[in-house]
Amino acid sequence: MVDRLANSEANTRRISIVENCFGAAGQPLTIPGRVLIGEGVLTKLCRKKPKARQFFLFNDILVYGNIVIQKKKYNKQHIIPLENVTIDSIKDEGDLRNGWLIKTPTKSFAVYAATATEKSEWMNHINKCVTDLLSKSGKTPSNEHAAVWVPDSEATVCMRCQKAKFTPVNRRHHCRKCGFVVCGPCSEKRFLLPSQSSKPVRICDFCYDLLSTGDMATCQPTRSDSFSQSLKSPLNDVSDDDDDDDSSD
């Protein structure tokens, strides 16, 4: 079906509409063989609070952006190559339902659909596109993924020292290796994570010590993929935007 749609006028027209919705600030999306599989609004778990984002699934990329005018205008375009994507279901918990993780070497995050059926359709289509891409390229799935950031609202104190309380002066930071919310003194060091940046990035002291000794696997967070606190209003909006790799969120 994808091959049949690849060169159809209907597919070309649909992709052109998406391009126009992002305007001049968005990257061109029309290339030979690219097919728009589906689109819809998903709730993306951002560092401050969950927010609605418009997602577009193509046969080779996943695109999402901020909604300015529904079905007419979007901005802050993000493009994720599907070859690098792994997805994992998240169990329902409280108000957070029908969710899954989108994991890549450069960035990972949670999204939630409106219904269980919608979640199933999104996950099935994404998995099918990834499988087809890897089959054609002969590549193997990526086994390295960026940590999913713990939302600001889940941490009133540093998740490493368990002592420092966050205030307008003592700001929240995120370790790029484990995703924990940490204080400045617990995350003063930098380490080169090539999959995420060409420059050394902020990591917590715990991960720095493990990375320095080569014990990289242990740096992954031991917490479950639970985001039950994220829909609650943050106690203080004191996030350090300069320390946010997705400040538009």
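The values are calculated or read from the model by the stated rules, or taken from the named source; none is laboratory data. As the structure is a computational prediction, the values presented were derived from the model and not from experiment. Every residue, glycine as well, gets a Cβ built from its backbone with ideal geometry; the counts of neighbours run over all protein chains shown. Note: areas computed on protein heavy atoms with side chains; ligands, DNA, RNA excluded. Shrake-Rupley method; radii C 1.70, N 1.55, O 1.52, S 1.80 Å.
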Neighbours by Cβ (under 6 Å, 6+ apart or cross-chain): first from the stretch 96-107, farther than 30 Å from S198 by Cα; second outside any strand (DSSP E or B): L96/F227; N98/A113; N98/A116; N98/K119
Within the stretch 98-123, track down each residue that is open to solvent by 40 Å² or more (accessible area, probe 1.4 Å) and in contact with a helix residue (DSSP H, G or I) (Cβ under 8 Å, 6 or more places away or on another chain). T106
Might you let me know whether the stretch 127-139 holds any residue that is open to solvent by less than 20 Å² (accessible area, probe 1.4 Å) and more than 16 Å from the chain's Cα centre (by Cα)? yes
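Each row is one residue, and each column tells you yes or no for (1) out of contact with any Cys (no Cβ under 9 Å at 6 or more places or on another chain); (2) surrounded by 23 or more Cβ atoms within 10 Å (Cβ to Cβ); (3) over 23 Å from K48 (Cα atoms).
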{"site": "P168", "(1), (2), (3)": "yes, no, no"}
{"site": "H173", "(1), (2), (3)": "no, yes, no"}
{"site": "P185", "(1), (2), (3)": "no, no, no"}
{"site": "E188", "(1), (2), (3)": "yes, no, no"}
{"site": "P194", "(1), (2), (3)": "yes, no, yes"}
{"site": "S198", "(1), (2), (3)": "yes, no, yes"}
{"site": "D205", "(1), (2), (3)": "no, no, yes"}
{"site": "D209", "(1), (2), (3)": "yes, no, yes"}
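Residue by residue through the stretch 8-41, note down the ones that are polar (S, T, N, Q), without any contact (Cβ under 8 Å) to a residue 24 or more places away in the chain and not in a helix (DSSP H, G or I). Talk me through it step by step, then tell me what you get.
Filtering the stretch 8-41 for residues polar (S, T, N, Q) gives 8, 11-12, 16, 20, 27, 30.
The next check asks that each one be without any contact (Cβ under 8 Å) to a residue 24 or more places away in the chain; those that pass are 8, 12, 16, 20, 30.
The answer is S8, T30.
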